[in-house]
Amino acid sequence: IWFVGGGALSGECLRLGLADEVRYSIVPVLIGDGIPFFDRLDRDVALHLTEVKGYTSGMVALRYQVRK
């Protein structure tokens, strides 16, 4: 099942151990303020990098496996 959501949904899935993969897209724009990427994590979550893809726009897509 693929979920797309913000920090609240992602954080809850990680906190409950329901996520086996995390994907990030990094856009080359720095912003000064915003909302947390993951909300309410009560522990560290170890990740293993499985894929990196760069685009001519400068965006980078990262794919991580959640380590149990």
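Is it the case that Arg40 is in contact with a Leu (Cβ under 8 Å, 6 or more places away or on another chain), surrounded by 10 or more Cβ atoms within 10 Å (Cβ to Cβ) and under 18 Å from Gly6 (Cα atoms)?
Against the criterion (in contact with a Leu (Cβ under 8 Å, 6 or more places away or on another chain), surrounded by 10 or more Cβ atoms within 10 Å (Cβ to Cβ) and under 18 Å from Gly6 (Cα atoms)), Arg40 does not qualify.
Sort through Ala61, Ala8 and tell me the only one that's modelled with pLDDT of 90 or more, surrounded by 10 or more Cβ atoms within 10 Å (Cβ to Cβ) and touching an Asp or Glu at 6+ places or on another chain (Cβ under 9 Å).
Ala61
The values are calculated or read from the model by the stated rules, or taken from the named source; none is laboratory data. Note that this is a predicted model, so its numbers are computed, not measured. For neighbour counting, all protein chains shown are included, and Cβ atoms are generated from backbone atoms with ideal geometry for every residue, glycine included.
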